[in-house]
Amino acid sequence: MYNFEFSKPSTVADAVAALASEDAQALGGGQTLLPTMKQRLAQPETLVSLTGIDELKGVCQGDNGAVVVGGATTHATVAADAAALYPALAALASHIGDPQVRNRGTIGGSLANNDPAACYPAAALGSGATITTNKRDIAADDYFQGMFTTALEEGEIITSVSFPVPEAANYQKFVQPASRFAMVGIFVAKYSDGVRVAVTGASEDGVYRWSEAEAALSSNFSASALSDLSVSSDGMITDLHATAAYRAHLVKVMTGRAVAAAS
Amino acid sequence: MPKDSGIGASNKRREDIRFLTGTGNYTDDINLNGQAYAHIVRSDMAHGTINSIDVSAAEAIDGVVKVFTAADFEGVGGIPCGWQVTDRHGQPMQEPKHPILAEGKVRHVGDPICVIVAETAELARDAADALNIDITELPAVIDMKDALADGATKVHDDLTNNLCYDWGFGSEDLDAVQNAFDTAHHVTTLELKNNRLVANPMEPRVAVGDYARHSDESTLYTTSQNPHVIRLLMGAFVLGIPEHKLRVVAPDVGGGFGAKIYHYAEEAIVTFAAKALGRPVKWTSSRSEAFVSDAHGRDHVTKIELAMDKEGKFLAVRTDTHANMGAYLSTFAPSIPTWLHGTLMAGNYTTPLIHVNVKAVFTNTTPVDAYRGAGRPEATFQLERVIDKAAREMGMDPVEIRRKNFITEFPYATPVAVEYDTGDYHATMDALLAKSDHAGFEARAAQSKANGKLRGFGIAHYIEACGIAPSALVGQLGARAGLYESATVRVNATGGLVVMTGSHSHGQGHETSFAQVVAEMIGIDESMVEIVHGDTANTPMGMGTYGSRSLAVGGSALVRATEKIINKAKKVAAHLMEAAEGDIELKDGQFTVAGTDKSVAWGDVTLAAYVPHNYPLEEIEPGLEETAFYDPANFTYPSGAYGCEVEVDPETGKVTVLGFTAADDFGNVVNPMIVEGQVHGGLAQGIGQALLENCAYDENGQLISASYMDYAMPRADDLPNFTVDHSSVTPCTHNPLGVKGCGEAGAIGSPPALVNAVIDALQRGGHDVAHIDMPLTPGRVWAAMNG
């Protein structure tokens, strides 16, 4: 790890100011950034920790019934505090990484990083969440723009994420055996106006919605509704752990399992 | 009745008090006054020509002490190979130079190029950015068959080609072997890979070099399984330091699994640098470095053929293996695919004709050497896989085909040069079938089927050659070392003992089990026995710990030294009781005169030996300290029957290991709990190999499983509860304890049992799958099921 300056502001305004300096980078729980820095693959001049900002932490229910999670809330907190409000979201959070990761890693950090195999992007996209920053609200459909790419601008901080609560939902993760990130992860959520299906881990473009499945499930929310669908392996990731064809196959299998578990 | 002390007691491990309370003393805990820190700059290319190295900017950085390159090591020898294999034509293997730092070329990702020594570890690493190293990348040879093709890029320009040796072994009458195949009722053929593994001990390697100018003595603290071997190799072959001026200390070591047997460049680097700089120098491997610089294991590509008569009797076995050596020959690398692999190709079976062929190949990859089991897992895997395939092709039960061919009379001389002294393979198979509830399998399989899952049961029976090794024999086979073991037993005046062993414990629990042996022999409390190991300054010359040898060889030396102590103590006791030496008996720490009520206690005798006021000084010397060296008469041959029960998810190909039963014959057992723990660890690593672990290179020689993000280690939830049985006991006939060794068994027997179980599950599910290469990842199993 190279040397760097460190600041830990207690307000969003101070954090925004700190991030304005050259080569400054926001630090959530550090579960991706710190290992990258230890590998000397990242060299920020300044790290601005967001975990000292109380207003970014915690889980609550908004006036519209949505579950609102502060940007610097750890996975462990979501797993515990969202359990009654949005069980599928809490269950997803409770299976990210290991206890150490869950007690350090934050939802804002995960969504800002947008790892193509991360779990939270599937929950946010699958729930049609709104990502709120210090500047604006961004719909999940506009937020995710390809692996490790988001709508966030330089220095923009995720302050909260608002999840509309579905009638039924489930997340199915088929883990990559080494990292236990999602080799394929499927978040299915049934709302009164339709079903959303978000796929993580599979595509070279990062998290995406499987629109054919959404259409089929919106008219018939059962695994059998998927039987006539096929998933193309075009654009799917091939790596040491799985071929594109296998990932494409898993997308359908795990979607069926998510629907079965949710219904 | 389980014993509560001595041989056969499941004593808790005394070393765990320090290991579990964080008070162990590992090499990285050693920090010496004035210590500087070494950072090794390694090649990120698999193959390249070094055009220039400019260290001036790095050396100019404040706090950088020195940057070493190959030029600094010109007067130093290369890293020696400890075993010379002779090929099928009687010619010695091709043996390239293995320089301490890359000379002219880099030959694998991780090949060390420079050493930066600085005031802090961070500074040393930072300074690497200031180095100017110009390397022209060359094409890399990664695949073994590509490496042997005409015109292939050579890993070593001064060798003829990339073939280390072409070795043939076994039945001398090759016409008889061919005839057996030509006339057999059935021949089963299987092509398979034994996947390359990274050992991944919990503690990465560390080395600290120190030099005392006043005495001209060098000291190396290192994470080694065999400090005397390192002292000999590094002192005699690399740095030219005689043994009496070189001390090697391997303190607490956090796992070895073979990867810490070998002499590594970093050990020579810190020892050399400490003298050159006049201050201690420390190097601590990062996990990333460990992936590319610790010797890897396995990596065989094999074709095996099995000829049978119509009853399923084995007539002949023929194998053809390519074994990857990597870019250089690690210390024992040439011996693994030959003498630790070919000699086991009889397995537990009476196959009369066996022909083993091995081509060892240089590639632009990290060197490969012994990893838990070393050669024997590769032999067992191919044999037990081909037998399972043969049973299916012959319509026979996999248990029955094995039973039909078991060796039942001992001693048994195999066609591959070893003689099994004892064993009872039907007994271990019986124990397996009983303990695994094999009879209830069909009902369980039906239940799985009802749940939409495919259940399978796989069996493997293994043999291994442990207790390595008779020195005269291995000398004939090319070993450049003896493989005896040593022990010094020092009895103190008040009766306590310190036992200095040449074995090394890095997880095996020797401090507990060795003490059990000595305490039982004398009849005293184990707390009176201290086991000392790991420091060449206070232990006799020993060959260390690997090859499941410590109790069989080191324990035998311990017994011999303790026998010498007892014999001398009896002379003293006879003198004290004015009796004939031949009438003295030792029981429960008391010397008695047979047929009388006269006795003296152990402590009275030891005191007399050191305060010899009333002592037979004209007959024997005072004091009570003896050393014994033990060179085994034969290998030991542990064996066992392993059963694995799996469930395969037909939709995803995911394999779940539901149960694993290991029924071993380790001969006599000193500490059943430690033995069970050894089996558990071996099973975890064997199941890891079969299901998860995969050391993979891309075509350019980049290691693509170079961290735990991509290299899947087995975790607790990947494993079932193990059922371990050692009720089958055929004691070794040629060592004093009748012990065979247990350290590697789990890793040897489990991969074929697991793969056999998965194939069984798929076949039961109607999928005609004959083989899947390890690791059996969900994607591979799914692909096999779907053509």
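Read-outs: derived from the displayed coordinates by stated rules, not from any lab. Here the structure is a predicted model, which is why all the values come from computation and not from measurement. Every residue, glycine among them, receives a Cβ derived from its backbone with ideal geometry; neighbour counts consider all protein chains shown.
Here are a few things to note about the model shown:
- Contact order relative to length of chain B, as percent, for alpha carbon pairs under 8 angstrom and 6 or more apart: 16
- Members of B:LYS310/B:LYS453; B:LYS435/B:LYS740; B:LYS154/B:LYS359 lying beyond 26 Å, as alpha-carbon distances in this model show: B:LYS310/B:LYS453
- Projecting the Cα atoms of A:ALA112, A:ALA83, A:SER49 onto the dipole axis of the stretch A:5-163, where Lys and Arg carry +1 and Asp and Glu carry -1 at the beta carbon, places A:ALA83 farthest toward the positive end.
- Of the trypsin sites (Lys or Arg not before Pro) in the stretch A:101-174, those whose Cβ has at most 16 other Cβ within 10 Å and which sit in DSSP loop: A:LYS135, A:ARG136
- Electrostatic dipole magnitude of chain B [Cβ: Lys, Arg +1; Asp, Glu -1; Cα centre; debye, to 20]: 520
- Cα centroid separation - the stretch A:193-238 against the stretch A:100-156, whole Å: 20
- Pairwise label distance in nanometres, A:LEU41 with B:VAL729, each label 7 Å out on the Cα-Cβ vector: 5.4
- Applying a DSSP loop filter and a limit of 16 other Cβ atoms within 10 Å to the GluC sites (Glu not before Pro) in the stretch B:529-587 leaves B:GLU578.
- Theoretical FRET efficiency, 1/(1+(r/R0)^6), r = Cβ-Cβ of B:ASP134 and A:SER219, R0 56 Å, to 0.05: 0.30
- Taking a span of 30 Å or more along the helix axis (Cα atoms) and a mean Kyte-Doolittle hydropathy of at least 0.0 as the rule, the DSSP H helices of chain B that qualify are B:555-576.
- In the stretch B:225-325, trypsin sites (Lys or Arg not before Pro) in a DSSP loop with at most 10 other beta-carbon atoms within 10 Å: B:LYS310
- Shape call, the stretch B:5-65: gyration tensor on alpha carbons, a/c limit 1.5: oblate
- Pair B:LYS310, B:ASP158: separation of 7 Å Cα→Cβ label points (nm): 6.1
- At least 15 Å along the helix axis (C-alpha) and Kyte average at least 0.0, DSSP helices within chain A: A:244-262
- Cα-based reach from B:LYS275 at 28 Å (exclusive), listing lysines while leaving out same-chain residues under 8 positions away: B:LYS66, B:LYS97, B:LYS105, B:LYS245, B:LYS260
- Positive-end residue of B:PRO731, B:GLY440, B:GLY258, charge dipole of chain B with Cβ unit charges: B:GLY440
- For the stretch A:5-163, share of DSSP beta bridges that run antiparallel, in % to the nearest 5: 70
- In this simple spin-label approximation, B:THR183 and B:GLN590 carry label points 7 Å from Cα along the Cα→Cβ vector, and these lie 7.0 nm apart.
- For B:SER707 and B:GLN91, the difference between the fully extended length at 0.36 nm per residue and the C-alpha to C-alpha distance is 217.8 nm.
- Whether chain B is rounded, prolate or oblate, judged on the alpha carbon gyration tensor where a/c under 1.5 counts as rounded: oblate
- Cβ charges +1 (Lys, Arg) and -1 (Asp, Glu), total dipole of the protein assembly as shown, debye: 1060
- Each Lys and Arg contributes +1 and each Asp and Glu -1, all at the Cβ; summed about the Cα centre of the stretch A:5-163, the dipole is approximately 500 debye.
- Anisotropy class of the stretch A:18-148 from Cα gyration tensor, a/c 1.5 cut: prolate
- Span from the the stretch B:687-703 Cα centroid across to the the stretch B:711-787 one, whole angstrom: 18
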